[in-house]
1. Can you list residues from other chains, or at least 5 along the same chain, whose modelled amide H is less than 5 Å from the amide H of Gly68?
2. Using θ = phi - 60° and the Karplus curve 6.51 cos²θ - 1.76 cosθ + 1.60, what whole-Hz ³J(HN,Hα) does each residue of segment 237-242 get, with Gly and Pro shown as x?
3. Hey, which lysines would be in cross-link range of Lys2, C-alpha to C-alpha under 21 Å, not counting anything within fewer than 8 residues on its own chain?
4. What does the charge count around Gly26 come to, taking other residues whose C-beta lies under 10 Å from its C-beta (Lys +1, Arg +1, Asp -1, Glu -1)?
5. Sort Trp228, Trp240, Trp167 by accessible area with a 1.4 Å probe, largest first.
6. Using a 1.4 Å probe and counting only protein heavy atoms, arrange Lys196, Lys57, Lys2 so the residue with the most accessible area comes first.
7. Mind jotting down the distance between the C-alpha centroids of segment 12-33 and segment 172-204, whole Å?
8. Taking the solvent-accessible surface of protein heavy atoms with a 1.4 Å probe, what is the per residue accessible area of segment 164-266 in Å²?
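The values are calculated or read from the model by the stated rules, or taken from the named source; none is laboratory data. Owing to the predicted nature of the structure, the values given are computational and were not obtained by experimental measurement. Quick reminder, even Gly has a Cβ in these numbers, built from the backbone with ideal geometry, and neighbours come from all protein chains shown. Side chains are part of the model used for accessible areas, which takes the heavy atoms of the whole protein and leaves out ligands, DNA and RNA. Shrake-Rupley method; radii C 1.70, N 1.55, O 1.52, S 1.80 Å.
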Amino acid sequence: MKLAFSTLGVPGLPLPEVLRLATAHGYHGVELRTHPEEPVHLGLGPAERADAAAEFKTAGVELLGLAGYARVAAPGDDGPVIEEVRRLVDLAHDLGAPFVRVFPGADPEQSRQSADAIAARRLGTAAEYAADMGVRILLETHDSHRTAADSMRVLGLVGHRHVGSLWDVMHTWLGGEQPTESYAALAPYLGYVQLKDIASADDTTPLPLGAGVLPLAECVEVLSRHGWDGWLCWEYEKRWYEDAAPLPELLAAGRDHLARLLNESA
């Protein structure tokens with residue numbers, strides 16, 4: 001498995017500095033939070049996109065994916081949501097990223113059946129465009145569809161190889177699933193895995209990997225046992241928790257912890 005970290009942990013940091021952190025601490029790739037607050041966002045012009053792609057190539061770091069904020073199950077017209085997903089796909093194509101992340105984002109007032117149908121319809125429409133661009137859209141286990149079982153209801157309706165799943169292990173755990181259950185459901189669709197650690201279900205302040213309660217060893221073990229060889233991405237949510245320790249000073253120990261889990265599971 002290859003190791004990456006998300007720029008959610010280093011909000012606003014210029015891309016050259018992000019890439020220096022990756023190379024200095026032994027990470028193979030980076031997931032870019034794709035938001036107007038960040039250096040890489042949907043408003044980049046062609047020259048800026050070419051420059052960003054070149055920086056990754058020069059650094060020898062892979063761009064794992066773009067973490068976008070489209071909410072595919074949200075109420076409202078399909079058009080703006082599909083357009084946002086397509087713009088993410090365009091940016092990923094231009095930068096050479098294989099994946100884009102989208103959220104479910106259903107409203108609590110929606111019925112489960114309605115939210116699932118809306119998400120599946122929008123993802124199915126965007127899937128053909130993504131296929132043409134060579135990009136895969138990943139629905140994260142998050143918010144209204146936090147478990148693998150929730151995601152499967154949508155992905156089963158879509159049934160397209162360019163729409164898959166991003167497994168955020170915190171959300172499936174908070175939803176009551178064991179890693180074996182989550183993996184079994186998501187395996188046919190799995191794009192990559194986001195790891196993190198927290199103090200408890202009631203305190204999701206980000207902690208160094210291994211310092212909290214999330215079943216990271218079990219997650220890595222089940223992935224290894226099934227021969228999965230994709231990406232593990234550390235999503236340290238510094239952007240939402242300003243008092244959390246700075247990510248750069250934790251990256252080396254985080255890499256070592258993940259390497260240890262991989263060795264133990266081999």
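1. Thr34, Arg101
2. 8, 4, 4, 9, 9, 5
3. Qualifying lysines at Cα under 21 Å: Lys57, Lys196.
4. 0
5. Ranked list, largest accessible area first: Trp240, Trp228, Trp167.
6. Ranked list, largest accessible area first: Lys57, Lys2, Lys196.
7. 24 Å
8. 42 Å²
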